[in-house]
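A short write-up of the structure that comes next.
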Ligand SMILES: NC(=O)c1ccc[n+]([C@@H]2O[C@H](COP(=O)([O-])OP(=O)(O)OC[C@H]3O[C@@H](n4cnc5c(N)ncnc54)[C@H](OP(=O)(O)O)[C@@H]3O)[C@@H](O)[C@H]2O)c1
């Protein structure tokens, strides 16, 4: 599928991240369109990126790829308005967390391909993890188009749509778990007598270094952890406490809760 123009319908936070990633990656601005509900938001997007901001119907008409970036609770109203206007030659991409592609097909004409995407906030620094799933009528060429759109924001992976609620729980909400850990470890540093800023700097750089080693060394996390866990040393004393407090079990339960909530949100929107 040759893509000339992409319309981001409902260009709020995540829609803007996509647009700015495409602009940074060199997409010609005359091939990018946004839509917004408020005139001041429309003006902001025009000024920031020099792109066209049109009404929803005109955006859909002018684009080959229609990326839906509204909140899940706004998606029904939007699709009732726009869905029937989208012809089969266009590609619909949903960025809406939790909503299955079946939610959209209720309003779409037969044979309109739809792809579901779940990205995460590190897209703001071009380090997103974006999971892409083919919905009805979407084939390899459609997935390739979506990969092209999201690669400037970080890594992409293809998963079956049945795994998207798990993806939402793991990498969609994932940044929050790491921030929570950093917050808790900063408190621990303060407990041990370090000034807050020193504790923060120590743990943030440790998180960055560990993340890069996880990504680049090709080693299993167990191996990397073993390398800092010497016999009768300090690390194993800390690990024993993590095990005593069932931190691993807490993570398993936490992610199950996030997955279940993703399902509930989808049920409420349906
Ligand atoms: N933020 C993230 O990190 C993130 C990550 C992954 C996935 N997502 C998904 O991305 C979607 C958007 O999230 P967000 O955080 O970007 O929300 P957001 O900032 O509220 O953006 C949604 C935008 O859509 C606009 N809008 C709503 N209805 C519209 C309509 N009928 N026509 C035109 N524009 C309309 C809203 O206008 P107003 O400004 O007037 O409300 C708002 O600007 C959600 O489904 C979310 O699940 C978000």
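The values are calculated or read from the model by the stated rules, or taken from the named source; none is laboratory data. Note that this is a predicted model, so its numbers are computed, not measured. FYI the Cβ positions are ideal-geometry reconstructions off the backbone, even for glycines, and counts take in every protein chain you see.
Before moving on, here are some points about what is shown:
- Of the listed requirements (1) under 14 Å from the mean Cα position of the chain (by Cα); (2) under 14 Å from residue 6 (Cβ atoms); (3) surrounded by fewer than 23 Cβ atoms within 10 Å (Cβ to Cβ), residue 62 misses just one: (1).
- Between 39, 72, the distinction of being at pLDDT below 95 and either within 25 Å of residue 138 (Cβ to Cβ) or surrounded by fewer than 13 Cβ atoms within 10 Å (Cβ to Cβ) (or both) belongs to 72 only.
- Within segment 13-40, the set of residues being under 20 Å from the mean Cα position of the chain (by Cα), assigned to a helix (DSSP H, G or I) and away from the ligand (no atom under 12 Å from the Cβ) comprises 20, 21, 22, 23, 24.
- Counting residues in segment 159-166 that are more than 30 Å from residue 94 (Cα to Cα) and in contact with a helix residue (DSSP H, G or I) (Cβ under 9 Å, 6 or more places away or on another chain) gives zero.
- Screening segment 110-130 for residues that are more than 8 Å from the ligand (Cβ to nearest atom) and assigned to a loop (DSSP other than H, G, I, E, B) and picking the one that is modelled with the lowest pLDDT gives 110.
- Contacts under 6 angstrom Cβ, first residue in segment 76-90 being outside the structural domain of residue 113 (by TED's automatic domain parsing) and touching a residue at least 60 places away in the same chain (Cβ under 8 Å), partner part of a helix (DSSP H, G or I) and within 14 Å of the ligand (Cβ to nearest atom), 6 or more apart: none
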